[in-house]
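The values are calculated or read from the model by the stated rules, or taken from the named source; none is laboratory data. Quick caveat, the model's predicted, so the values are computed rather than measured. Here Cβ is always computed from backbone atoms with ideal geometry, including for glycine, and neighbour counts include all displayed protein chains.
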Amino acid sequence: MSEDQRRFFRGFGVPFSQMFKRVTTEQYPEDKRPTQPRYHGRHQLNRYADGLEKCIGCELCAWACPADAIYVEGADNTEVERFSPGERYGRVYQINYLRCVFCGLCIEACPTRALTMTNEYELADDTRAALIYEKHDLLGPMLTGMAAPPHAMVPGTTDTDYYLGNITHAVATQVGEAEARRLGTWTGPRDDEEVTA
């Protein structure tokens, strides 16, 4: 047998061996298998423990995006309307999932860990406009004890305390509860309810 004939039969060896392997059929969407923990899915804008947004509107994520899928427009915080600690916040935040390649470079560029990626992978929709996610689509959920911004920072703290992670859930819950009760957005137990641990 010549060398060419050997190469010919060796080339067909791989597809021939695959013909007799058992076929794996996924029953999606009825049976959804969990993704790996490090899977890069839909983005999420995170909050601090008191509900203030971590995004400072620096636009570094937009600059790092190779597909030009992120648009950020920053604005200045005021003492009356504070959305994040520090001077600025992201007033407009959009991610175009028609362009996004899920590379994660925006996550690496974010100085405050405001932007992370979740395991959510179902991003199909009927229209192209629905795949351009706005800030309200990307913001993380309000947890118990958080107050919806705008509101003041925890008394006696600076933006540095937020960035260093010194604002714990216990500290933020006290301030968040008072602020949420004032705004009428408190989701925790009422004063007349008994709290069980």
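Some points to look at:
- Residue within region 149-164 that is of a type in the set (Gly, Ala, Ser) and at pLDDT 85 or above present: yes
- Within region 64-122, strands (runs of 3 or more DSSP E) holding 1 or more residues that are of a type in the set (Lys, Arg): 88-96
- Screening Val72 on (1) closer than 27 Å to Leu164 by Cβ; (2) at pLDDT 95 or above; (3) among the β-branched types (Val, Ile, Thr); (4) surrounded by fewer than 16 Cβ atoms within 10 Å (Cβ to Cβ) shows it passes everything except condition (4).
- For region 123-146, the candidate set comprises residues that are in a loop (DSSP other than H, G, I, E, B) and either at positive phi or aliphatic (A, V, I, L, M) (or both); within that set, the residue that is modelled with the lowest pLDDT is Gly145.
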